[in-house]
Structures are given as structure tokens and as C-alpha cells.
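Coordinate-derived values only; no laboratory data. In this text the structure is predicted, and so the values were computed from the model without any measurement. A quick note on method: Cβ atoms are made from the backbone with ideal geometry, for glycine too, and the neighbour counts reach across all protein chains shown.
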Amino acid sequence: MSRKISLGLMLLFVGTQTSVTQLAAKAQTPVAPTTTTKSICSTQLGTAIDAVINRPLFSRGRWGILVQPVSTGETLYSRDAQKYFTPASNLKLLTTAAALQELGANFRIRTSIYHNGNGVLRVVGRGDPSLSDTQLQKLAQQLKQKGITQIQRLIADDSYIQGDIVNPTWEWEDVQSDYGAPVNSFILNQNIFSLKLVPQAVGKSLQVVWTDAGEAKQWRIINQSVTVAQNQPSYINITRELSGTGLRIQGQLTTNSEPSLIDLPVVDPNYYFLRRFRAALATEKITLGQILVVNGGVNQEEIAFVESPPLSELLMETLQNSNNLYAEALLRALAVKKLRVKNQTSADVGLEVVKASLTKLGVEPANYILVDGSGLSRRNLVTPEAFVQTLRAIARTSTAYIYRASLPVAGKSGTLKNRFQDTPAEGIVQAKTGTLTGVVSLSGYLNAPKYEPLVFSIIVNQSDQSATVVRQAIDQVVLLLTQLQRC
């Protein structure tokens, strides 16, 4: 069995250990916070939390915390709750709240094929982040059922989503990594491809095995890797040339070790889609002639289509697994709710819709500055108060259950599966994680056993401590909340 390493593409000369700490929206490191069964009066909460976060090792970091009951909005604890922080993936709470309110739980994203006559078909992508090779095969089967055996020209219409395929404020190492995959009208297999690195005899280069032969033709490999003896460390660095055509593979794996599966972002999503669709058509014995990517045009008779799962399921992937691509796709899906003016990107329109939706919920616009939908940009600025206002507002809506069910559960699921296990918080905390270098965040709900349900937001910025250390302190604060009681 292959051992999958989601390293993505990393900057040259940056070590694997350093790079891994910068992976946003990946599974969190398990910690073992101190547990206790004693109760804490609400009047004692401030002193108890201060004892955790005012320790000398956190003297250089910034803490933003707000804790309130879901029902009343009474402030139980506040630390710089109205100041801006880089939120990391906590920002997905805002994007998904707006998507659920504006699009509805049953919203689906449709990918269509239209027949324009004379052997010309148009495929229109609308930014479905769940689209996979399986759905491509279904499209090909539908065409076969229509009696189509030959396509003279296939036109891919990329007009539905306008603007840059990656946010221009994202860092270069993120754009090179699988968690920073591009987003446009055509998203297939989450716009990533894979290759295996297989150890050989000691001293030999690692063998590069492609899972997609078509993708292999798009790249020039510079293989500087090596197979080493079993007592040596293993690490892999892969970098992409600025031109996008060369992959430099560096590092080493031990002989007889399992192959490493590496996920990388595609460079041109449109032609990646077309290459994969050509392969799907071939399996149905449908020949394909010319392919062409255009921006706009006339759609005539729809002859085939596939749809995404409902939004309620897309939210699960977005929040449970902190999927950046899904969050960015949902942001652009929101653009259908507002008329776009000339030269305005889909992402910008989506951000306007997010702001309007949050304002309707009662979230103060001054509490956030948003530049993307996933939290990968460091230019996002959000207050803990904004997250608490959002979480409390959603809890009063008819879609509250769907939203809350999409969140990771402490010790049980998603990015919280390995946190809070065998502690009083297990199973009673539903919250969104967030991690960037120097940033750790956690915001969500807590069903306090001896108190009413709580909502909280904890964000740490500019810490010189490891994410593991900061995360453990955050978890200690959350455990204090589980001990709350009225006195």
C-alpha cells in the first residue's frame, strides 16, 4: 500500500519540517491537554483562562478570545475580542454561513453539455468542486445513449467564473501546494494530480510513477532524489519552475520503504479537464476531434449534465476537512446572487454577497476584512467578535442544524478527530480549526454539561511557539469552558 504524503509543491531550499507547519486546512496534531473534573463559577472563568494564556511562553503572541452563551450574548470572557486577527481557516465559518443563507441547503452546481449542431458540443463548467472522473464517465455515457459516437469539436466554456484562478494574495509556496489548487469554471479531481515516488536500490534515484499518463506529458522532470539505507531519514521536496513546466524532485527515501504518493496542483484546469474528458469519451468509443477553450458563447440544446451533491454535503467537506478549494468554489458560487459589473471578478462579487449576508445576520461589517473564501490569505482580518456573532446568529436560523452538523466534533470527526479524545470536551464541542505559520484558531459551539450552550472564538497570532504548544493551550481554555457552572 502506498504511503500518501500531502506535501504539495514546496519552495526550493525549504525543509520538509518547516513546510509542513505551513499547511493550512490539514488534520491537526493531537494533543493531550490537562483535564480536571472540578467546576468553575462563571465569575472565576476570567482568572482561570488568564492563568493559561498569560504564561511567559506566550508573552510574544497575541490572543483574541470571546466566550458567550448562545442564547443571551452575555460576555463571559473577552480578550481583545474587537481587534483584528489573521483567522486562518476559521474564515470558512463566514463563507459557509453566507452560502447556506443565500443559496439554501439543496443548492447544487450543474455541469452541462450542449449540442450546437454540425458535430459541435459545448461543455459548460460552473465551478463544481466535487466533480471527478466518475462524473466525467457519466457525461460520456449520456452522450453514448444519445447516439453520439463522434465529436468534431468540443468547446469548453470557461465564462461562468471570472478572475484569477488563484488568489493573488496567496503565498507562492501555497500556490505550489495541493491545498492551494486553482479554482475556475472547470474543477476536476479537486484540480490536483498525483505521482508516486518509489525507492530503488541504495544510491539510485527514486522512480517516478505517474497515475495519469496524460499528465506526465505536461511536465519535465528534474529528478535529484536518491534511495538511501534503512537507517537514514526520509524527506521529499518538490518545487515547480515559474514557467510551470518543470518539476524538481529532491530528497530521499529508504530502500524497501513504501512508495510516497504526492499530490500536486494542476497548472491549467481547463485543459486538464479536457484531457481527462477525452479519456472518458474513449472508454465509450466516442472519438473526439478538436478541443477549444472559450469565454462565453451561445448554449443551445442541453443533452447531458451532472450535478454536485446538495450544498449541505458540500459544507460537510468544506468544514469537516477544512477544504480550501471547496470554500473558494462556494465563494464564487455566491456570485450568482448578484449582478456582476464589467471587469468585476466572481470572487469579488462573492465577497460582496458574503458581507451583505453577514450584515443581514447581524454581524457588524467593521469586524472583518475579507480577501478570500478559505482563509489561506494572510490579508484576511477578522475579530473574534465576528465569529461569535456569526455562530450565534446562525444558531437562530432554520438552517442551524445543517450548519452545526457540518462542523468537526471534538474527538470524533474531521480536523478535531484527534483532539480532546478522552477529555470532558469529547463529543460536546463542534468547532472549526485554523492553522497557518504563527496562527492557530478555534471557533465554535460547546454544550457545557452544567451550564447553558456556549459559543466561543479563540485566535492566536504572532506566536513564536509551535502550533502544537499553542493548540494545547487553546484546548486547555476549551476544557475550562466544559467545567462552567452557575454559582
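For the stretch 89-213, the relative contact order works out to 22 percent when only alpha carbon pairs closer than 8 Å and six or more residues apart are counted. Each principal axis of the stretch 296-450 carries a Cα extent, and these read 60, 39, 35 Å when sorted largest first. For the chain, a simple Cβ point-charge model (Lys and Arg +1, Asp and Glu -1, everything else neutral) yields a dipole of about 240 debye relative to the Cα centre.
Using the Cβ of residue 143 as centre and a radius below 13 Å, the other residues enclosed give a net charge of +3, where K and R count +1 and D and E count -1. Multiplying the residue separation of residue 345 and residue 245 by 0.36 nm and subtracting their alpha-carbon distance yields 33.3 nm.
Relative to the longest principal axis of the Cα atoms of the chain, helix 384-395 runs at roughly 80 degrees. Scaling the Cα radius of gyration of the stretch 370-487 by the globular reference 2.2 N^0.38 Å produces a ratio of 1.06. In the stretch 103-206, a dipole from Cβ-located charges (positive for Lys and Arg, negative for Asp and Glu) runs towards its positive end, and of 190, 170, 202 it is 190 whose Cα lies farthest in that direction.
Which entries of 138/412; 92/417; 92/338; 83/412; 355/417; 92/412 have Cα-Cα distances beyond 26 Å here?
Working: 138/412 34 Å; 92/417 18 Å; 92/338 20 Å; 83/412 32 Å; 355/417 31 Å; 92/412 20 Å.
Cα-Cα > 26 Å for 138/412; 83/412; 355/417; rest within.
Give the angle, between 0 and 90 degrees and rounded to the nearest 10, that separates the Cα long axis of helix 133-145 from the longest principal axis of the Cα atoms of the chain. Rounded to the nearest ten degrees, it is 40.
A straight Cα-to-Cα reach below 18 Å connects residue 450 with the lysines 38, residues fewer than 8 places away in its own chain not being considered.
Note on residue 207/residue 398: beta-carbon distance plugged into 1/(1 + (r/R0)^6) with R0 of 60 Å gives a FRET efficiency of 0.65. Classify the stretch 247-376 as rounded, prolate or oblate from the Cα gyration tensor: take a ≥ b ≥ c as the square roots of its eigenvalues, call it rounded if a/c is under 1.5, otherwise prolate when a/b beats b/c and oblate if not. Cα axes put the stretch 247-376 in the oblate bin.
Charges on Cβ only, +1 for Lys and Arg, -1 for Asp and Glu, centred on the Cα centroid of the chain; of 428, 140, 401, which one is farthest towards the dipole's positive end? My answer, from the dipole projection, is 140.
Charging the Cβ of each Asp and Glu at -1 and of each Lys and Arg at +1, and nothing else, the dipole of the stretch 190-270 about its Cα centre rounds to 240 debye. Length gained on full extension, residue 271 to residue 42: 76.6 nm, using 0.36 nm per residue less the C-alpha separation.
Taking a ≥ b ≥ c as the square roots of the Cα gyration tensor eigenvalues, the stretch 124-166 comes out oblate, since a/c reaches at least 1.5 and a/b does not exceed b/c.
Under the rule a/c < 1.5 gives rounded, and otherwise a/b versus b/c splits prolate from oblate, where does the chain land using the Cα gyration tensor? Judged from the Cα gyration tensor, the chain comes out oblate (a/c at least 1.5, b/c at or above a/b).
Each label point was placed 7 Å from the Cα along the Cα-to-Cβ direction; for residue 466 and residue 258 their separation is 2.3 nm.
Hey, for a label at residue 485 modelled as a point 7 Å past Cα toward Cβ, could you say which residues of the stretch 430-465 have their backbone N under 15 Å away? Within reach of a label on residue 485, which here means backbone N under 15 Å from a point 7 Å along Cα→Cβ, the stretch 430-465 contributes 448-452. Enter the Cα centre distance for the pair the stretch 230-252 and the stretch 186-207, rounded to the nearest angstrom. Result: 10 Å between the Cα centres. Think of the chain as having a plus end and a minus end, set by charges on the Cβ of Lys, Arg, Asp and Glu; of 343, 319, 152, 152 sits farthest toward the positive end of this dipole. Computed from Cα atoms, the angle from the helix 92-103 axis to the main principal axis of the chain rounds to 70 degrees.
The label point for residue 413 and the one for residue 232, both projected 7 Å from the Cα toward the Cβ, are 4.4 nm apart.
Local charge for residue 364 was computed over the other residues whose Cβ lies under 15 Å away, with Lys and Arg +1 and Asp and Glu -1, and equals +3. Descending by average beta-carbon neighbour count within 10 Å, the peptides 175-182, 109-116, 49-56 line up as 175-182, 109-116, 49-56, the highest first. Charged side chains reduced to their Cβ positions (Lys and Arg at +1, Asp and Glu at -1) give the stretch 105-200 a dipole of some 800 debye around its Cα centre. In this simple spin-label approximation, residue 307 and residue 321 carry label points 7 Å from Cα along the Cα→Cβ vector, and these lie 2.2 nm apart. Using just its DSSP H runs of length 4 or more, each adding -39500 (n - 2.57), the chain gives a mean residue ellipticity at 222 nm of -8000 deg cm²/dmol after division by all residues. Here the convex hull built on the C-alpha positions of the stretch 338-404 has a volume of 110 cubic angstrom per residue.
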